[in-house]
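The structure appears below as structure tokens.
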Amino acid sequence: MQVGVLALQGDFREHLNALAQCGVQGIEVRTPAELEKIDALIIPGGESTTIVSLAKTFEVFEPIKKRIAAGMPTYGSCAGMIMLADHIVAAKDGQETFGGIDITVRRNAFGRQVDSFECDISAPAISGSPIHAIFIRAPWVEKVGKNVEVLASYEGAGGASHPVAVRQGHLLATAFHPEITDDYSVHRYFLDKVCL
Amino acid sequence: MAQESGTSRVKRGMAEMLKGGVIMDVVNVEQAKIAEDAGAVAVMALERVPADIRAQGGVARMSDPDMIAAIQAAVSIPVMAKARIGHFVEAQILQSLGVDFIDESEVLTPTDYANHINKWDFTIPFVCGATNLGEALRRINEGAAMIRSKGEAGTGDVSNAMTHMRQIGGEIRRLTSMREDELYVAAKEMQAPFDLVKEVAANGKLPVVLFTAGGIATPADAALMMQMGADGVFIGSGIFKSGDPKRRAEACVKATTAFTDAKVIADASRGLGEAMVGINVADLPAPHRLSERGW
């Protein structure tokens, strides 16, 4: 199985490295021809508005959307979660996504960079021990459709809880960035459990 | 671990997310929106672009908080702002405004001719300019989460950015070929902390993201810097001092992503209208060379 990482902008090299640590040689995807070579896709962290704009410029937006709808296993972190959401709020006017997961995601939900943080988070379906999660101008999930499985939630002060890792069938999304830590359990989960 | 903000990982991680992108100088809401629509990964909010600071002279300072707040309200992408070298109160103000990144910048008039800001004191990340590896490591030692080559801002002449990228890259390659006992002298000579020198020698790269800035005016300039090993580019005066800012901004974004594909860069370069006029760095009298600011 060939895994690709969308390499238009963002921390795609870190995702390729995380794949390598799991024993998988990923490839960079920027063109429709490269997209045809892959069986599964990772959408990296970065700036979602930039990624949409570049996906259109390089004519991969519609092809990726179709592949996702047709069942290609796909994982998105942070900006990648935004790209996989059916609905987004606090978005740029008219901002589009690939969609696929029946969720509403709030962009920059935790605030600006001054509010970015790291913490441990529990995700029993992914790992037996807590995952070290890094949230950078991160989104969260505001509304979850009935076929969506919540894998982890962030418990804020005052008892508010927001899903930050979700799965719907062949699609996986996290609001945090496992690729910039040395805990590869989310990537292993994607490769072993989602890419069947 | 309990929740923690402002850690090195959170700051450096923010810089990682900007990789492969273009950060554009903007002086008003309208320009910020053009930049966001063109696919900029962030905007740098400032009152005068470097070309105007050069033309108008005088002391260049942090921008008016109202102007920064208006741009923050207008776009959804990260907003950066500049503080003067060593002016930690300007930096405190920028942090209180919630800007996403502070550029401790030689483009503004320096405040302290011996010390830079202690960037560890802050929750938000800093980017600093460097002309060589020693300078880059001194800034990282003070807490910078991102380094950019300085180039010569506001000229449209990319030659200094090239010199700085070659210098930093060359010094990194040299370190990787040294024995550990030779690294002590290397650290002494480049006036950089030994631990950082050792880390660079082991990894063959800086411990933080390296962008390029200064004089970038065309898609070809942006792609050149990416091929020289930059993780992304800052474009200051080059976009909004040109004939058709919208098209030029889009073209530079495209070339920065497809930086090894000459056909794409050629297409991006077609019919962009007039580039910024520019000044040759060699014609600048030494006291007006910004890249020499920083210690």
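The values are calculated or read from the model by the stated rules, or taken from the named source; none is laboratory data. Nothing here was measured: the structure is a model prediction, and the numbers come from that model. Here the Cβ positions follow ideal geometry from the backbone for every residue, glycine too, while neighbour counts run over all protein chains shown.
Report the residue count in region B:37-53 for those that are farther than 12 Å from B:PRO245 by Cα and either charged (D, E, K, R) or without any contact (Cβ under 8 Å) to a residue 24 or more places away in the chain (or both).
Of the residues in that region, 3 qualify.
Of the residues that sit in region B:52-71 and are of a type in the set (A, V, I, L, M) and not in a helix (DSSP H, G or I), which one is farthest from B:VAL26 (Cα to Cα)?
B:VAL59
Would you tally the residues in region B:252-266 being in a helix (DSSP H, G or I) and touching a residue at least 12 places away in the same chain (Cβ under 8 Å)?
7
Among the residues of region A:152-196, how many are modelled with pLDDT of 95 or more and among the small types (Gly, Ala, Ser)?
Looking only at that region, the number is 7.
What are the residues in region B:116-134 that are part of a loop (DSSP other than H, G, I, E, B), touching a Lys or Arg at 6+ places or on another chain (Cβ under 6 Å) and either within 14 Å of B:HIS164 (Cβ to Cβ) or aliphatic (A, V, I, L, M) (or both), if any?
Answer for region B:116-134, where residues must be part of a loop (DSSP other than H, G, I, E, B), touching a Lys or Arg at 6+ places or on another chain (Cβ under 6 Å) and either within 14 Å of B:HIS164 (Cβ to Cβ) or aliphatic (A, V, I, L, M) (or both): just B:THR131.
Would it be correct to say that B:LYS82 is crowded, with 24+ Cβ neighbours inside 10 Å, within 18 Å of A:ARG112 (Cα to Cα), touching a Ser or Thr at 6+ places or on another chain (Cβ under 9 Å) and away from every other protein chain (no Cβ under 14 Å)? Reasoning before the result, please.
Values: crowded, with 24+ Cβ neighbours inside 10 Å: yes; within 18 Å of A:ARG112 (Cα to Cα): yes; touching a Ser or Thr at 6+ places or on another chain (Cβ under 9 Å): yes; away from every other protein chain (no Cβ under 14 Å): yes.
Spelling it out, B:LYS82 is indeed crowded, with 24+ Cβ neighbours inside 10 Å, within 18 Å of A:ARG112 (Cα to Cα), touching a Ser or Thr at 6+ places or on another chain (Cβ under 9 Å) and away from every other protein chain (no Cβ under 14 Å).
Cβ contacts < 6 Å: first residue within 12 Å of chain B (Cβ to nearest Cβ), restricted to region A:25-47; second residue of a type in the set (S, T, N, Q), any location; separation 6+ or different chain. Result?
Qualifying pairs under 6 Å: A:GLY45/A:SER77; A:GLY46/A:GLN9.
Suppose we keep only residues that are in contact with a Phe, Trp or Tyr (Cβ under 7 Å, 6 or more places away or on another chain) and not in a strand (DSSP E or B) within region A:116-155. Which one would you say is farthest from B:SER8 (Cα to Cα)?
Here the residue is A:ILE126.
Report the residue count in region B:92-106 for those that are touching a residue at least 60 places away in the same chain (Cβ under 8 Å) and over 24 Å from B:ARG138 (Cα atoms).
Number satisfying all stated conditions: 0.
Need pairs with beta-carbon distance below 7 Å; first residue touching a residue at least 60 places away in the same chain (Cβ under 8 Å) and within region B:269-293, second aliphatic (A, V, I, L, M) and crowded, with 17+ Cβ neighbours inside 10 Å; sequence gap 6+ or separate chains.
Listed by first residue and then by second, the contacts come to B:ALA275/B:ALA217; B:MET276/B:ALA51; B:MET276/B:ALA217; B:GLY278/B:ALA217; B:LEU290/B:VAL107; B:LEU290/B:ALA153; B:ARG293/B:ILE85.
Surrounded by fewer than 23 Cβ atoms within 10 Å (Cβ to Cβ) and more than 11 Å from chain B (Cβ to nearest Cβ): does that describe A:GLY94?
Numbers: surrounded by fewer than 23 Cβ atoms within 10 Å (Cβ to Cβ): yes; more than 11 Å from chain B (Cβ to nearest Cβ): no.
No.
Could you pull out the residue among B:ALA258, B:ALA266, B:ALA223, B:ALA230 that is more than 20 Å from A:PHE12 (Cβ to Cβ) and either modelled with pLDDT of 95 or more or away from chain A (no Cβ under 14 Å) (or both)? Steps first, please.
On the way: B:ALA258 fails: more than 20 Å from A:PHE12 (Cβ to Cβ); B:ALA223 fails: more than 20 Å from A:PHE12 (Cβ to Cβ); B:ALA230 fails: more than 20 Å from A:PHE12 (Cβ to Cβ).
Every option except B:ALA266 fails the conditions.
Output the number of residues of region A:103-154 satisfying the condition of being away from chain B (no Cβ under 14 Å), touching a residue at least 60 places away in the same chain (Cβ under 8 Å) and not hydrophobic (A, V, I, L, M, F, W, C).
Summing the residues that are away from chain B (no Cβ under 14 Å), touching a residue at least 60 places away in the same chain (Cβ under 8 Å) and not hydrophobic (A, V, I, L, M, F, W, C) in region A:103-154 gives 1.
Name the residues in region B:28-48 that are under 21 Å from B:GLU90 (Cβ atoms) and either at pLDDT 95 or above or buried (at least 24 other Cβ atoms within 10 Å of the Cβ) (or both), would you?
B:ASN28, B:ALA32, B:ALA42, B:VAL43, B:MET44, B:ALA45, B:LEU46, listed by residue number.
So, A:ASP115, is that one farther than 25 Å from A:ASN17 by Cα and surrounded by fewer than 20 Cβ atoms within 10 Å (Cβ to Cβ) or not?
So A:ASP115 fits the description; yes.
If B:ALA187 meets every condition in (1) out of contact with any Phe, Trp or Tyr (no Cβ under 6 Å at 6 or more places or on another chain); (2) without any contact (Cβ under 8 Å) to a residue 12 or more places away in the chain apart from one, which number is that one?
Every listed condition holds for B:ALA187 apart from (1).
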